[in-house]
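This report refers to the structure that appears directly beneath it.
The values are calculated or read from the model by the stated rules, or taken from the named source; none is laboratory data. Since we're looking at a predicted model, the values are computed, not measured. Don't worry about glycine lacking a Cβ; one is built from the backbone with ideal geometry, like all the others, and counts go over all protein chains shown.
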Amino acid sequence: MAAMNQKFRVLITGGSGFLGKSLRASFANECQVLNVDRTGQEGAFALDLLKLEEWEKLNDFASYPLVFLINLAFAFSPERDMEEINTLLVQNLGMFLKKHPHIFLFYPSTALLYGLKYRDVITEEFLPSPKSRYAMLKQKIENMLLSDFSQRCVIFRITNVYGRRMSDKTVVGKIVYQLEQDKRISLFDYNSVRDFIYIDDVVEAFKRMTLCLTDRHTDAKGSLRPFGDESPIFNLSTGKGIAIYDLASALTQYYQKPYLLPERETVIDHGYQEHLVLSPQKLRDWLCAQQAFCEVKTWSPISITEGIERMLSSVNEKAKDRHIYGKSS
């Protein structure tokens, strides 16, 4: 297989976020990466993607065959309607993709499209049943992309992602923050069962999908071959759920602070019994089938237990480096 940097470039919009940073770091070792961010923070190429003319500044970078546009941008504005600005964002993206037919799009969607209350492990064949405004908007964006770009677009419906530098507004992030502040754990709901996937597994899935598509969908001239009749929607998850209380309990053990976990009989039951556990089997089967076309290993996510161990080990190693060598994170 040819070296990745001879095959394609990666353009990431919104690459200064949690997932975007990890993708940038991973792809930067393999190919040329352009990070586009509205604010221009962290050395990003500053563009206002809500203005169609701003996309023209990306033409030179996108002239290279097989640019994989990993679109992480999701706009929020207190002054404008969320649906309005994100619809405009995707319309501008669509105009850009039509102008560059060799570009392949990866779009990170959400598992919340399936709703909240199911008893079964969810496959891609389940009909969407979004409940929140955010999930409804994500479904609208999916439909817009699939209507015009289904043959050169991959959509990942991702479950709860955790890892280094995660927001303290996420479930895992909130628990970790409270433990590090030596505060007694306080959560809105303890009984929901959810699927949590480690950030490195998400990045690895993106990367292996890219490797497969680069080899399988590129002809001798470097032009893109279409995705074909296969459905481009993949669940990105572990397929194994854990109750929020059990997750909090495990984290208190890792931090050696079990005294910060409330007694189970004292926690308030708000009536939530979510069981949003996705099946990652389609993605695993698809990548396995590609081994006949390209040199790529199959993908398999790690458990929440191993993920927590890796996350805390990484955080501790960075803290040790800063203490010994005076390094900054």
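Thr123 falls short on exactly one of the conditions (1) surrounded by fewer than 19 Cβ atoms within 10 Å (Cβ to Cβ); (2) touching a residue at least 12 places away in the same chain (Cβ under 8 Å); (3) touching a helix residue (DSSP H, G or I) at 6+ places or on another chain (Cβ under 6 Å), and that condition is (3).
Given the condition modelled with pLDDT of 80 or more, surrounded by 12 or more Cβ atoms within 10 Å (Cβ to Cβ) and under 25 Å from Val202 (Cβ atoms), answer yes or no: does some residue in the stretch 315-326 qualify? No, the stretch 315-326 has no match at all.
Out of curiosity, is Leu69 assigned to a loop (DSSP other than H, G, I, E, B), of a type in the set (A, V, I, L, M) and out of contact with any Gly (no Cβ under 6 Å at 6 or more places or on another chain)? So Leu69 fails the test. Residues that are more than 13 Å from Asn191 (Cα to Cα) and of a type in the set (D, E, K, R) were ranked within the stretch 240-262; the one that is nearest to the chain's Cα centre (by Cα) is Lys240.
Taking the stretch 75-167 as the region of interest, the strands (runs of 3 or more DSSP E) fully inside it that hold 2 or more residues being polar (S, T, N, Q) are 104-110. Can you tell me which residue within the stretch 22-31, out of those that are at pLDDT 90 or above and of a type outside the set (Ser, Thr, Tyr), is surrounded by the fewest Cβ atoms within 10 Å (Cβ to Cβ)? Selected residue: Ala25.
The residue of the stretch 175-202 that is surrounded by the fewest Cβ atoms within 10 Å (Cβ to Cβ), among those that are outside any helix (DSSP H, G or I) and acidic (Asp, Glu), is Asp182. Apart from one condition, Pro101 fits all of (1) within 22 Å of Lys21 (Cβ to Cβ); (2) touching a residue at least 40 places away in the same chain (Cβ under 8 Å); (3) not aromatic (Phe, Trp, Tyr); the exception is (1).
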